[in-house]
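Visitor: Sharing a structure with you now.
The values are calculated or read from the model by the stated rules, or taken from the named source; none is laboratory data. Since the structure is predicted, the reported quantities are computational estimates derived from the model, not experimental observations. Neighbour counts are summed over all protein chains in view; Cβ atoms, including those assigned to glycine, are modelled from backbone coordinates with ideal geometry.
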Amino acid sequence: MRALVLLYCCTCFPLTAQAFTVALWGDMPYQRHEDGNATHGKLANLINDINKHAVAFSVFTGDTKDGSTVCRDEVIGQQTLAMFQRLTAPAIYVLGDNKWTDCHRHSNGAYDSLERLAFLRNTFFSQAYSLGKRKIRLTRQAHYPENSYWQHKGVLFVGLHVTGSQNNHINMADCLQAESARTEADCVANQAEYLARDEANVAFLQQSFALAKQQHLAGIMVIIQADMGFDLPETPIKDERAAPNVSAYNRFLGELANQTANYQGQVLLVHGDTHFFKLDKPLYSPTRLLANFSRLQTFGSPNIHWVKVTINTQTAHVFRVEPMLVNANISP
C-alpha cells in the first residue's frame, strides 16, 4: 500500500491554494542495518521518493548514524551533507544524540563529545539557510545555531536541539564507565552543557510561542529528536517522570505543556529516537489532556520510510498526517 491515512489522525480536508505538505524523516541510515547511503540502497530510495512529491520542505529528526559507528568527520560531516544535498526541496536538520552525545564511547571512537558538537555546528549551522538544493532562510538562536524557526503560510516551525541519551544530562555517579573514554572533567563539562542548552531550549520555545501568538498563527510544529517518555504508565504510587532516563526532559516538557495550554492554535510535536511511526494525543498527566496537542513519532532504521504532513490553516485541526511507505524498502 502506497500510503495510509490513519482514521484517528487529524480530520481530512481537501487541498486548496492555502494547503501545503512537508516531509518528516530521521534516525537513518544505520550501518548495522545496511540502510545504504544517499546514492544507493534504501536511503537513496527514500530520498528519491520524497523528491517525487511537491513538498515545501523536509525536516530530519535526528541521527544519521547508529550508536556504535565511529564519529569520524566523514561520517557525521561529509556523508550527511551529501545526503541532504540530494533533496530537491529545502531540508532542515535537527540534531540527535548519536552524532555527538554518544561519541565518548570507545565503540564510537572515544571522542570528546563537546568537540564533536562544535564540529557539527560549524559544518551545518553556520549559515542562516537550510540545506537542500533549494534553500529557505531560518532564524537561528544566538550561541545555539542548531535551534531555528521559520514560517510558512500561517504556521510556525521550530527545530530544537533536544536529544536522546537523556539529552546529554549526566548522572555524575554513573558517568565514569568502562565503555566510555570520559574523564571526571568531561562529566562536569557535559553536565554544564546540558544545563545551559536546556535553558536555551526553553527560552527559544517561549520566544517561538510568543511570536505565534503575536501574529495569530493557526499552528506550531515543534521538531526535536528525543522521545521524552510520553508512554510511561500511570502508577499512583510512583512518579515515573522522576526516573533518570526521562527526568532530563521535565523542564522542557513542562514548558511545552504550559505554552500549549495558553495557545489558541494547534500544536504538533514531532520527534524521532525510537524508530516507530506513532501519532497520538498523549496525556501530559493522568488527569490532563491537552486537546490542541498531538505527538508524531517518525520512522527510523531499519524502517526507511517517511511521513507526509499536509497543512491547511483553513481547517480546525491544521495538520493531517500520512505515513508514506517506500515500496522498494518494504521487505517481501
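Visitor: Only residues that are within 17 Å of Leu114 (Cα to Cα), among the polar types (S, T, N, Q) and in contact with a strand residue (DSSP E or B) (Cβ under 8 Å, 6 or more places away or on another chain): list them for segment 136-175, please.
Guide: Within segment 136-175, Asn147 is the sole residue that qualifies.
Visitor: How about segment 269-291: which of its residues are of a type in the set (A, V, I, L, M, F, W, C) and either more than 24 Å from Asn168 (Cα to Cα) or surrounded by fewer than 18 Cβ atoms within 10 Å (Cβ to Cβ) (or both)?
Guide: Phe276, Phe277, Leu279, Leu283, Leu289, Leu290, Ala291
Visitor: Still on this structure: I'm told Arg121 meets every condition in (1) loosely packed, with under 15 Cβ neighbours inside 10 Å; (2) of a type outside the set (Asp, Glu); (3) closer than 17 Å to Asp63 by Cα except one. Can you identify the failing condition by its number?
Guide: For Arg121, the exception is condition (1).
Visitor: I've got another one for you. Could you go through segment 75-86 and let me know if any residue there is buried (at least 19 other Cβ atoms within 10 Å of the Cβ) and either out of contact with any helix residue (DSSP H, G or I) (no Cβ under 9 Å at 6 or more places or on another chain) or among the aliphatic types (A, V, I, L, M) (or both).
Guide: yes
Visitor: Further question: Is it fair to say Phe157 is under 23 Å from Thr310 (Cα atoms), aromatic (Phe, Trp, Tyr) and assigned to a helix (DSSP H, G or I)?
Guide: Values: under 23 Å from Thr310 (Cα atoms): yes; aromatic (Phe, Trp, Tyr): yes; assigned to a helix (DSSP H, G or I): no.
No, not satisfied.
Visitor: Can you tell me which residues in segment 121-150 are under 19 Å from Gly96 (Cα atoms) and in a strand (DSSP E or B)?
Guide: Leu131, Arg140, Gln141, Tyr144, Pro145, Glu146, Asn147, Ser148, Tyr149 - these are the residues of segment 121-150 that are under 19 Å from Gly96 (Cα atoms) and in a strand (DSSP E or B).
Visitor: Moving on. Go through segment 217-239 and give me each residue that's part of a loop (DSSP other than H, G, I, E, B) and touching a residue at least 60 places away in the same chain (Cβ under 8 Å).
Guide: Leu217, Ala218, Ile224, Gln225, Ala226, Asp227, Met228, Phe230
Visitor: Can you tell me how many residues in segment 47-64 are touching a Gly at 6+ places or on another chain (Cβ under 9 Å) and not small (Gly, Ala, Ser)?
Guide: Total satisfying the criteria: 6.
Residues are listed down the side, and each one gets a yes or a no for (1) hydroxyl-bearing (Ser, Thr, Tyr); (2) closer than 30 Å to Lys153 by Cβ; (3) modelled with pLDDT under 90:
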site: Ala185; (1), (2), (3): no, no, no
site: Met228; (1), (2), (3): no, yes, no
site: Lys238; (1), (2), (3): no, no, yes
site: Val246; (1), (2), (3): no, no, yes
site: Thr260; (1), (2), (3): yes, yes, no
site: Thr274; (1), (2), (3): yes, no, no
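Visitor: Within segment 155-197, take every residue that is surrounded by 14 or more Cβ atoms within 10 Å (Cβ to Cβ) and of a type in the set (Ser, Thr, Tyr) and give me the one that is nearest to the chain's Cα centre (by Cα).
Guide: Thr163
Visitor: Kindly indicate whether any position in segment 160-167 is among the aliphatic types (A, V, I, L, M), closer than 30 Å to Trp150 by Cα, in a loop (DSSP other than H, G, I, E, B) and touching a Leu at 6+ places or on another chain (Cβ under 8 Å).
Guide: yes
Visitor: Step by step: first the residues of segment 100-110, then only those that are without any contact (Cβ under 8 Å) to a residue 60 or more places away in the chain and more than 16 Å from Tyr194 (Cβ to Cβ), then the one that is farthest from the chain's Cα centre (by Cα). Which residue is that?
Guide: Across segment 100-110, the extreme among qualifying residues is Gly109.
Visitor: Answer with yes or no whether Leu253 is of a type in the set (A, V, I, L, M) and out of contact with any His (no Cβ under 9 Å at 6 or more places or on another chain).
Guide: yes
Visitor: Could you tell me whether any residue of segment 199-216 is of a type in the set (Ser, Thr, Tyr), assigned to a loop (DSSP other than H, G, I, E, B) and surrounded by 13 or more Cβ atoms within 10 Å (Cβ to Cβ)?
Guide: Among the residues of segment 199-216, not one is of a type in the set (Ser, Thr, Tyr), assigned to a loop (DSSP other than H, G, I, E, B) and surrounded by 13 or more Cβ atoms within 10 Å (Cβ to Cβ), which makes the answer no.
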